[in-house]
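Reading through the structure tokens given below for one structure.
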Amino acid sequence: MGRMRLALLVVGWLLGSTSVASAERNWEFSFGGFGGWAFHGDTTFQTNLVINPSSGMVEPINGKGTNLRFEDSGAFGAKLTAWHLPRKYNWQPQIGFEIDWTRFTADVPDQVIPAVGTLLISGSPLGSIGPFNRRREFGIDNMTFNLLFRYPIWATPDLPQGRWYPYVGIGGGAQRARLSTVGYEETSYSPCFQGMGGVKFFVIKYLALFGEAKWSQGWHTFKYDTDFYWERYSLSTIQLVGGVALHF
């Protein structure tokens, strides 16, 4: 009897300690995967040399093109998130941190774009740039570190993050762009800025579905292994994605 009583006391103490530790935990972690679509805005394009359509000669310029169109594409990625949990489980806002990786493409088809500036030899107004007689294909990877805020709905001690919650975030990191065109490849790295907002809903305690919209911005220069010609692209993208997350 004495040993059985001692065993029951030990088991009870362990269960109580586990329950207290679970109730008083300070952080919640999740890992998620997602997929969706990337929509690219029309942005600026800069270069230092163009062909003068009047003379057929290559001339340096002082100016830039506008409304450069990128082809929209699919997007996918993964994220690792940590949320700080409050001591009292109520509907107060919570803060979190996240590492977010996203992959998509941004190809430039043949086009003529408006431009402002001057041809420096002839002195003529620039007017336009193009056609882009070689298709440019870009593979894009975003790696960002985000600061998040969420507002738990229906929070309980068992679900301190709420049954569902809306969230917003801002962040920054690096964007990698891999250029591929006829007979040439080059990679550029750029700072990347990101803003986001979304909603997450828990199917069960440790499994959630989410939908998210995020915007990212990067800038890339490609020199084509020459000292006299370069191209600079501004890349602005809105991504609409949905995914699944495991919480622990």
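Below are the figures for this structure:
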| read-out | value |
| --- | --- |
| Cα principal axis extents for the stretch 78-143, largest first, Å | 72, 23, 18 |
| Of the trypsin sites (Lys or Arg not before Pro) in the stretch 43-85, those whose Cβ has at most 16 other Cβ within 10 Å and which sit in DSSP loop | Arg69 |
| Two-site label geometry, Arg135 and Arg163: point separation in nm, points 7 Å out along Cα→Cβ | 4.9 |
| Nearby aspartates and glutamates by direct alpha-carbon distance to Lys205 (threshold 19 angstrom, same-chain neighbours under 8 apart not counted) | Glu24, Glu28, Asp158 |
| J(HN,Hα) series, the stretch 102-108, from Karplus relation 6.51 cos²θ - 1.76 cosθ + 1.60, nearest Hz, glycine and proline x | 9, 10, 7, 10, 8, 8, 9 |
| Accessible area per residue in Å² at 1.4 Å probe, computed on the chain | 53 |
| Pair-distance profile P(r), taking every C-alpha pair of the chain, with 5 angstrom steps and integer % | 1, 6, 11, 14, 12, 10, 9, 8, 7, 6, 5, 4, 3, 2, 1, 1, 1, 1, 0, 0, 0, 0 |
| The chain: angle of helix 2-23 to the longest principal axis, Cα-based, in degrees nearest 10 | 30 |
| Computed [θ] at 222 nm, deg cm²/dmol, the chain (DSSP H ≥ 4; -39,500 (n - 2.57); rounded to nearest 500) | -3000 deg cm²/dmol |
| Within straight-line cross-link reach of Lys223, lysines at Cα separation under 20 Å, skipping those fewer than 8 residues along the same chain | Lys64 |
| Relative contact order %, the stretch 27-136, counting alpha carbon pairs below 8 Å whose residues are six or more apart | 29 |
| Relative contact order [Cα under 8 Å, 6+ residues apart], the stretch 104-218, whole percent | 20 |
| In nm, spacing of pseudo-spin labels at Thr118 and Asp225 (7 Å Cα→C-beta vector) | 3.6 |
| Debye intensity ratio in log₁₀ form over the Cα atoms of the stretch 129-248, taken at each q of 0.10, 0.17, 0.18 Å⁻¹ | -0.46, -0.89, -0.95 |
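The values are calculated or read from the model by the stated rules, or taken from the named source; none is laboratory data. Nothing here was measured: the structure is a model prediction, and the numbers come from that model. Using ideal geometry, Cβ is built from the backbone for each residue, glycine included, and neighbour counts are taken over all protein chains shown. The protein model used for the area step is the full one, side chains on, heavy atoms only, and it has no ligands, DNA or RNA in it. Shrake-Rupley method; radii C 1.70, N 1.55, O 1.52, S 1.80 Å.
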